[in-house]
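Written below as structure tokens is the structure these notes are about.
The values are calculated or read from the model by the stated rules, or taken from the named source; none is laboratory data. For clarity, every value in this text was computed on a predicted model and none was experimentally measured. Glycine gets a Cβ as well: all are built from the backbone with ideal geometry, and neighbour counts include every protein chain shown. The accessibility values were calculated without ligands, DNA or RNA, using every heavy atom of the protein model including side chains. Shrake-Rupley method; radii C 1.70, N 1.55, O 1.52, S 1.80 Å.
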Amino acid sequence: MATKKTEEVMIRSFEQKTTKIRIVGDSPLIIHNWSEKAKKEMLDAQTGKNKTKKKACKMPFDDFARALYWITPMPTEEIKDPCNGELRDVVTEELFDKAVAEGAKFGFPTIAFKLAGNSAAYRMGWVKNQMGLRGAYFLSSEYGELAHIQGSVPMLREDMVKIGLGSSDLRYRPMFEHWYCDLTLTINTGFGMSFDDVINVINAGGAGCGVGEWRVERDGTFGMYHVEIVK
């Protein structure tokens with residue numbers, strides 16, 4: 001019977017450093033989360049399911065509330081749509097105000113801050129490509145994929161947007177005028193980047209790219225920020 005050979009493998013270790021950082025907004029943050037309602041309407045339109053259905057009424061405040069990333073449960077109540085007579089769940093201003101008074105929490109995708117930093121570092125010539133930055137550091141939050149946005153209550157913003165050739169529509173989205181969020185930064189030192197390097201990458205993302213709608217990277221001035229170390 002043949003003897004099974006075994007080989008010794010040496011797994012190289014690398015150091016990870018973790019610290020707390022604060023992302024502090026330098027310009028208002030506009031958020032547009034694609035709600036389940038919006039996704040369904042888009043799918044129905046693409047599959048022809050809504051061709052014979054009467055269109056539902058536009059409800060600005062409900063659109064605003066559903067464009068938020070809710071960490072705590074989103075409050076809704078069932079009402080009869082005045083346009084098509086169907087029952088639908090909506091977020092009213094009264095329900096929203098009550099939720100805020102009871103400590104409602106709103107978030108924003110944590111990955112957005114890393115993508116902004118990586119893009120800024122590449123555009124500024126600090127790195128030859130963004131591939132090496134992907135594993136060099138990670139940003140996380142106690143709420144998983146969402147960073148808890150704090151500072152001010154989101155306000156309803158009305159904007160006219162282009163949706164096609166010669167066609168426009170009104171969009172209702174939330175905006176945080178003053179904001180910040182606390183994140184955990186983990187650095188893999190084996191990738192050759194120092195703590196200062198990574199902090200500067202994230203900080204550059206706030207000035208050179210921004211996050212959210214109408215950010216700097218998309219010809220806007222919103223979603224700018226800088227980094228502070230939480231002691």
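Computed values, structure above
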{"read-out": "Of all residues in segment 144-197 being farther than 30 Å from K98 by Cβ and of a type in the set (F, W, Y), the one that is modelled with the highest pLDDT", "value": "F195"}
{"read-out": "Pairs where the first residue, in segment 55-72, is in contact (Cβ under 8 Å) with a residue 12 or more places away in the chain and the second is among the charged types (D, E, K, R) and buried (at least 20 other Cβ atoms within 10 Å of the Cβ), C-beta under 7 Å, 6+ apart", "value": "F64/R173; A67/R173"}
{"read-out": "Every residue from segment 109-134 that is open to solvent by less than 90 Å² (accessible area, probe 1.4 Å) and assigned to a helix (DSSP H, G or I)", "value": "A112, F113, K114, A116, G117, N118, S119, A120, A121, G132, L133"}
{"read-out": "Some residue of segment 189-201 being surrounded by fewer than 21 Cβ atoms within 10 Å (Cβ to Cβ) and assigned to a strand (DSSP E or B)", "value": "no"}
{"read-out": "Considering residues of segment 143-163 that are of a type outside the set (G, A, S) and not in a strand (DSSP E or B) only, the residue least open to solvent (accessible area, probe 1.4 Å)", "value": "P154"}
{"read-out": "Some residue of segment 95-108 being over 20 Å from G212 (Cα atoms), loosely packed, with under 15 Cβ neighbours inside 10 Å and at pLDDT below 95", "value": "no"}
{"read-out": "Output for segment 51-99, where each listed residue is assigned to a strand (DSSP E or B) and not acidic (D, E)", "value": "Y69, W70, I79, K80, L87, R88, V90"}
{"read-out": "Number of positions in segment 1-34 that are open to solvent by 100 Å² or more (accessible area, probe 1.4 Å) and over 30 Å from F195 (Cβ atoms)", "value": "9"}
{"read-out": "Failed item, numbered, when S140 is tested on (1) in a strand (DSSP E or B); (2) closer than 26 Å to T221 by Cβ; (3) open to solvent by 30 Å² or more (accessible area, probe 1.4 Å)", "value": "(2)"}
{"read-out": "Single residue of segment 24-50 satisfying the filter (in contact with an Asp or Glu (Cβ under 8 Å, 6 or more places away or on another chain) and either in a helix (DSSP H, G or I) or modelled with pLDDT of 85 or more (or both)) that is nearest to A204 (Cα to Cα)", "value": "V24"}
{"read-out": "Any hit, segment 166-174, residues being touching a strand residue (DSSP E or B) at 6+ places or on another chain (Cβ under 6 Å), on the phi > 0 side of the Ramachandran plot and open to solvent by 40 Å² or more (accessible area, probe 1.4 Å)", "value": "no"}
{"read-out": "Any hit, segment 77-94, residues being at pLDDT 95 or above and under 16 Å from the mean Cα position of the chain (by Cα)", "value": "no"}
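The rows are residues; the columns are (1) closer than 27 Å to P73 by Cβ; (2) free of Cβ contacts under 8 Å to residues at least 12 places away in the same chain; (3) polar (S, T, N, Q).
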position	(1), (2), (3)
R134	no, no, no
D159	no, no, no
R171	yes, no, no
F176	yes, no, no
F191	no, no, no
N203	no, no, yes
V211	yes, no, no
